[in-house]
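Here the structure is laid out as structure tokens; the discussion comes afterwards.
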Amino acid sequence: MARVRSVRKGVSGAAMSQKVVGFAANWFTTTFRGQSREFNSLLGITFLLVVFGLVMVLSASYVTSLGNGDGPLSVFTRQLIWAVIGFVSLGVMSRLPLAVIQKVAPLFFVAMLALQVVVLAIGTEVYGNKNWIRIGELSFQPSEFLKLGLLLVISGMLVNRRDYLDSFKYGWLAPLIAAGGSTVLVLGGSDLGTALVMFGFSLVMLILAGMPSKIAIWVFLAAGAAALAFSSFGSRRVRIAAWLNPDAVDVAGATWQAKHGIWALAAGGVGGTGLGDSKMKWNWIPMVDNDYIFSVVGEEWGLVGASILIILFVLLAMSLIRILNRTDRLFERYVLLGIVSWITIQAFINIGVVLNFLPVLGVPLPLISAGGTSLLITLTTLGIALGIERRNSQARPIATARQASRVRVTR
């Protein structure tokens with residue numbers, strides 16, 4: 001009898017597994033197949049970047065993982081899990097009506113602002129930045145979610161105030177308060193890099209939405225003064241001084257990371273040392289699997305591989321711009337403008353830091369660097385862009401059919 005029950009349990013378990021696999025396959029088919037060329041292009045480039053990122057995280061992190069007493073695949077395994085979760089989120093967001101996203105955005109934004117305040121109170125500090133919340137073994141970065149909330153809220157504000165954009169008080173003040181308030185909260189945790197990305201894409205959105213040059217100049221001056229004032233305190237002052245004087249006597253070790261990043265790129269030459277053969281990842285570069293992963297790309301893949309990675313980011317931006325040009329709904333255009341600005345600015349800052357064009361700012365390379373929160377929120381955001389293109393391709397045949405059905409009247 002017990003044997004019969006165990007057989008029944010095995011059969012029911014197999015049936016349940018079969019149903020789950022069937023559901024997953026059906027969901028994948030209906031979500032990703034049969035879409036437009038622009039949809040497939042954006043999805044394909046995103047997939048290539050994530051896969052390349054996983055390969056580089058594996059290569060860059062196994063030494064650190066062993067040094068921490070974990071298995072050599074521990075960081076890679078976590079990143080792989082987050083990639084799977086991220087692609088599920090991407091698929092869900094691509095099917096979620098944008099009207100729902102637009103309606104929920106203000107509440108989401110306020111919740112993320114509140115969570116950022118919590119970070120200032122009980123957050124965990126890493127390399128001078130207090131921008132993490134740790135719950136047991138799980139840690140996440142609320143400022144990444146705040147980026148998305150800010151992007152959506154500014155897009156909604158620009159749409160709702162489109163008839164008042166000739167007035168600073170009624171047109172531009174609210175978006176500037178949202179961007180400035182979010183940036184100040186992130187700066188409160190000493191995270192200058194994330195603050196620059198956040199305020200940067202917000203400003204691009206506002207300027208391209210038609211912000212008068214007089215207002216834009218005052219905003220630039222105020223933001224520059226605030227950044228300069230913030231940079232004159234604590235570890236930021238040391239990092240910027242080290243960047244301005246790289247050959248000075250480095251008692252505090254402030255130039256260590258930047259110098260070894262450049263040496264890694266130099267060691268890679270044109271063709272690279274080969275995948276897995278980086279020398280600098282052997283504890284010579286801090287955060288080598290995160291903020292400085294581009295240095296390992298340059299060392300192992302050389303100038304050729306690093307250039308291909310940059311080209312992939314350019315293609316990603318071009319794909320987003322093509323979708324933007326196909327979209328006639330104002331809110332969606334602002335959202336796409338924010339997404340392409342966000343990813344482009346963040347990638348530029350990360351690569352600029354590794355090339356020593358910028359001081360060390362602690363910004364991850366989108367879709368490439370290790371870090372579950374950044375990967376998840378970037379894929380979620382790209383899912384929104386895919387959802388916009390899905391609606392573009394669905395609306396186009398309907399519009400064409402309506403146009404064809406019209407009676408042409410001639411004199």
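Of all residues in segment 50-85, those satisfying the criterion of being in contact with a Phe, Trp or Tyr (Cβ under 8 Å, 6 or more places away or on another chain) and of a type in the set (A, V, I, L, M) are 50, 54, 57, 58, 63, 73, 75. Residues in segment 33-63 that are under 22 Å from residue 317 (Cα atoms), among the small types (Gly, Ala, Ser) and either in contact with a strand residue (DSSP E or B) (Cβ under 9 Å, 6 or more places away or on another chain) or buried (at least 21 other Cβ atoms within 10 Å of the Cβ) (or both): 53 only. As a summary of the residue check, residue 103 satisfies the conditions (1) among the basic types (Lys, Arg); (2) surrounded by 15 or more Cβ atoms within 10 Å (Cβ to Cβ); (3) assigned to a helix (DSSP H, G or I) except for the one numbered (2). Considering (1) at pLDDT 90 or above; (2) of a type in the set (Ser, Thr, Tyr); (3) over 21 Å from residue 181 (Cβ atoms), say which one residue 143 fails and leave the rest. Going through the list (1) at pLDDT 90 or above; (2) of a type in the set (Ser, Thr, Tyr); (3) over 21 Å from residue 181 (Cβ atoms), residue 143 breaks only (3). Of the residues making up segment 153-191, those that are touching a Ser or Thr at 6+ places or on another chain (Cβ under 7 Å) and either in contact (Cβ under 8 Å) with a residue 60 or more places away in the chain or not in a helix (DSSP H, G or I) (or both) are 154, 186, 191. Just one residue in the set 393, 374 is surrounded by fewer than 19 Cβ atoms within 10 Å (Cβ to Cβ) and in a helix (DSSP H, G or I); that residue is 393.
Annotation note: Cβ proximity below 9 Å between a residue of segment 281-307 that is closer than 22 Å to residue 346 by Cβ and a residue that is surrounded by 24 or more Cβ atoms within 10 Å (Cβ to Cβ) and aromatic (Phe, Trp, Tyr) (sequence gap 6+ or interchain) occurs for 285/292; 286/292; 306/294. Selection within segment 274-305: residues that are among the polar types (S, T, N, Q) and within 17 Å of residue 52 (Cβ to Cβ). The member of this set that is nearest to the chain's Cα centre (by Cα) is 290.
Residues that are crowded, with 17+ Cβ neighbours inside 10 Å, modelled with pLDDT under 85 and in contact with a Leu (Cβ under 8 Å, 6 or more places away or on another chain) do not occur anywhere in segment 297-316. Examine segment 30-50 for a residue that is closer than 19 Å to residue 387 by Cα, among the β-branched types (Val, Ile, Thr) and at pLDDT below 95, and state whether such a residue exists. Yes, segment 30-50 contains a residue that is closer than 19 Å to residue 387 by Cα, among the β-branched types (Val, Ile, Thr) and at pLDDT below 95. Remark: pairs (first residue in segment 243-270, assigned to a helix (DSSP H, G or I) and among the small types (Gly, Ala, Ser); second residue modelled with pLDDT of 85 or more and surrounded by fewer than 17 Cβ atoms within 10 Å (Cβ to Cβ); Cβ separation under 6 Å; 6+ apart in sequence or on different chains) = 258/356. Looking across segment 59-75, the residues that are more than 17 Å from residue 264 (Cβ to Cβ), assigned to a helix (DSSP H, G or I) and free of Cβ contacts under 8 Å to residues at least 40 places away in the same chain come down to 65, 66, 74. Residue count for segment 340-369 satisfying the condition of being surrounded by 24 or more Cβ atoms within 10 Å (Cβ to Cβ) and assigned to a helix (DSSP H, G or I): 6. From the list 321, 262, pick out the single residue that is of a type in the set (A, V, I, L, M, F, W, C) and either under 20 Å from residue 56 (Cα atoms) or crowded, with 22+ Cβ neighbours inside 10 Å (or both). Matching residue, one of 321, 262: 262.
If you go through segment 158-178 and pick out every residue that is aliphatic (A, V, I, L, M) and crowded, with 24+ Cβ neighbours inside 10 Å, you end up with 1. Annotation: of all residues in segment 226-259 being surrounded by 13 or more Cβ atoms within 10 Å (Cβ to Cβ) and of a type in the set (S, T, N, Q), the one that is modelled with the lowest pLDDT is 235. Test residue 204 against the stated conditions and say whether it is touching a residue at least 60 places away in the same chain (Cβ under 8 Å), farther than 20 Å from residue 118 by Cβ and surrounded by fewer than 20 Cβ atoms within 10 Å (Cβ to Cβ). Against the criterion (touching a residue at least 60 places away in the same chain (Cβ under 8 Å), farther than 20 Å from residue 118 by Cβ and surrounded by fewer than 20 Cβ atoms within 10 Å (Cβ to Cβ)), residue 204 qualifies.
The values are calculated or read from the model by the stated rules, or taken from the named source; none is laboratory data. On a predicted model such as this, the values are computed, not experimentally measured, just so you know. FYI the Cβ positions are ideal-geometry reconstructions off the backbone, even for glycines, and counts take in every protein chain you see.
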